[in-house]
Structures are given as C-alpha cells and as structure tokens.
1. Alpha carbon centre of segment 94-117 versus segment 17-35: separation in Å?
2. Over the chain, give the accessible area per residue in Å² for a 1.4 Å probe, as an integer.
3. Within segment 229-321, which GluC sites (Glu not before Pro) sit in a loop by DSSP and count at most 13 neighbouring Cβ atoms inside 10 Å?
4. Would you kindly work out the equivalent ellipsoid of segment 124-301 from its C-alpha gyration tensor and give its semi-axes, the square roots of five times the eigenvalues, largest first in whole Å?
5. Are any of the pairs Lys89/Lys134; Lys250/Lys291; Lys6/Lys162; Lys265/Lys329 more than 26 Å apart by Cα-Cα distance, and if so, which?
6. Out of (1) 4, 13, 13, 11, 10, 8, 8, 10, 10, 6, 4, 2, 1, 0; (2) 6, 26, 31, 20, 12, 4, 0; (3) 5, 24, 33, 26, 9, 2, 0, which label holds the value of P(r) over Cα pairs in 10 Å bins from 0, in percent that was computed here?
7. What stretch of the chain, leaving out the sites themselves, is the longest with no chymotrypsin sites (Phe, Trp or Tyr not before Pro) in a DSSP loop having at most 14 other Cβ atoms within 10 Å?
8. Which value in Å does the Kirkwood hydrodynamic radius of segment 187-267 take, with 1/r averaged over all unlike C-alpha pairs and then inverted?
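The values are calculated or read from the model by the stated rules, or taken from the named source; none is laboratory data. For clarity, every value in this text was computed on a predicted model and none was experimentally measured. When we count neighbours, we look across all protein chains shown, and the Cβ atoms used for this are built from the backbone with ideal geometry, even at glycine. SASA here: full protein model, heavy atoms, side chains in, ligands and nucleic acids out. Shrake-Rupley method; radii C 1.70, N 1.55, O 1.52, S 1.80 Å.
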Amino acid sequence: MSQTIKTGLLSYGTSGKIFHAPFIDTHLNFELTAVVERSVKKAHLDYPRVKSYDKVEDMIRDEKIELIIVNTPNSTHFDFALQALKHGKHVLVEKAFTCTSIEAQQLFNEAQKRKLYVLPYQNRRYDGDFLSVKNILESGVLGQVVEVHLHFDRYRNTISPKAKEKPGLGGGIQYDLGPHIIDAALALFGTPHRYTKTLGYFRPNTMVDDYAHFHLSYADGKQVFVSTSMLVADPQPGFIIHGTKGSFVKPRVNVQEEQLLEGIKLTAPEYGYEEDFTAGQLTLINEDGAKTKQMIKAERGNYLKVFDDVYHTIKFDKPYPVSKDEIIKQLEILES
C-alpha cells in the first residue's frame, strides 16, 4: 500500500476550498485525487490534476481513493460516511459528526467491523487560542478550576440559504458552532457529571435556533458554561477560566480561517500566528494576596496537524486525539 493517502473531497464549497484542499495539497503524505462538484466545476482552476465527479456515489466507488472527506450538510454525514465505509474507504467527517449519537455509534461499529477508521474533523483543537488555554491548564498555575465560560459568537441577523438554516436534524447554531465549543470543553475538562441545554430563536423568520447555551457540571464542582449565538455585535472573550489561584482570559481569534480566505499560503511565515494585541491575560494571586498580571501570546496554530493525526492513525494505527467516547458524549449533549 502506498504511503500517500489518495483523498476524495465530497464538496468544493467554502469548507472544501478553505479547510481541506489546501492542507491535503500541502501535506506530503496526502494527494487530492478527486472532488464532487454537482453543478459548477471550479476545483481544476486551483488543482489542475484533480478529477471532478458529478455524484458522490461515483467518487465513493473510485478504487484509487483511500480516504473520503465528508464535508457536506450535516444531515448527509451519516449516509455518505456509511456508504464510504461499505466501499472500503477510511472516512474523515466534518462537524457535526452526525445528527445523533446512535448514528455515530453505528459508524464506529461499521468501521471497526471492516477494520477501517472513521475520524472526526475537530480542527479547532489546533487554533492558537485553544492551545494557549490548554497550556495554561496543564501548567497548573490556576490551581483548581472553579468556573469556565466558552464562547463562539457571531453577528448575522439575516437568514442564509444554507442547509444549516433549514429545520430538521443537524440544523441551527447548536449543530454549527456548538460542536466546536463542546469539543473544547470535553478535551480540556473531560466528561461532565450532568448537563443542560437552552436554545433561543431570535432572528426574524428564523426556522432554527440562533442561540444555544450548555451548562456542564463536573463531579469536582467545576462549572463550565458553553454558549454560541448569531446575535453578538461585540464578541466577548472566547475563553474565561477562574481557578483557586487566578484567572485566564483569552479572546477567540479566527486567524487561520481569515488568512486562508485572504489567500495566504500555509507555507507563509505569518500563517497561524495571532497579533500581539490578542494575547491572553493571566492574573494570579500569590500566598500573600499580591496580584500579578501577565500577557500570554498564543503559540502558532496550524490545522495541518489534523492531517498529521489522520495520517498516523490510518497508516500506523496511532490513537486519534479525538476519541469515540468524546464524539458520542458531544452528540448526547447536543441531543439533551
């Protein structure tokens, strides 16, 4: 078997063009072999050698392809991933992984039965802001964590024609941005003891939730509040963590997506680096009660590491950083 993973991409919209194709093309161990373009054919303008299929089913049957990336609307994830597994393909699935935890379990079972991998694409674990928070928590400087607030907010008071705005399973902001922040909570703090969910519908004529709040309670008393909204004109910090010895506050910075949209290459020296003014603030109280403040600049983020993880799992059976249990729990929280 070739060490280069021939990869097929199920869509070449914003997700395919920005979050997947550049990384597959840049990574030495992947080859962007084919895409699905149902109407307008434009992938060849960026990748002249790529093969364009009209139908998902035709690409899934391509015997040369080893990995299928499912980056279509949420409601299609389960069916397309299952088809790919049944045709002997490994699968990388965009968030939300599936619409229900039962569907997710079925995909994991099918992959195990066929000795294949079905992997969740949780790229925000390689954002500089998330990595900063992870480093602070692992250092232990905050003491015992008491209270956490995680936000991923936007302002869009209009209804877009995208599938996520249509009623039904997998729609709404809870299944759009919710998986990012719930995954962050699970990755940083583990499985909550109990949880609750609140949804809101505020935009004129909206058919789906545009506000979602999750309260995760932990056995040690820690409280984690996870919120996402389409109606935040002045975004608040994305990460607020209070512990027994201090606090850490970090803005959410979408630098990689912004750079990719601007056409900045992954190989550019500035790629993945945040501006100095977006540094996080670490506030500590020592044993004498004295307060100190320090600005912590984020380390470089790089979504290319997602594909490092995918490669090492598929080729060398290395455990994937996002576990099956974390994905099942994420979906159970979304379903709550």
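1. Cα centroid of segment 94-117 versus Cα centroid of segment 17-35: 23 Å apart.
2. 47 Å²
3. Glu262, Glu270, Glu275, Glu287
4. Over the Cα atoms of segment 124-301, the ellipsoid semi-axes are 29, 23, 13 Å.
5. Lys89/Lys134; Lys6/Lys162; Lys265/Lys329
6. It is the value labelled (3).
7. In the chain, the maximal stretch lacking such sites is 1-200.
8. 15.7 Å
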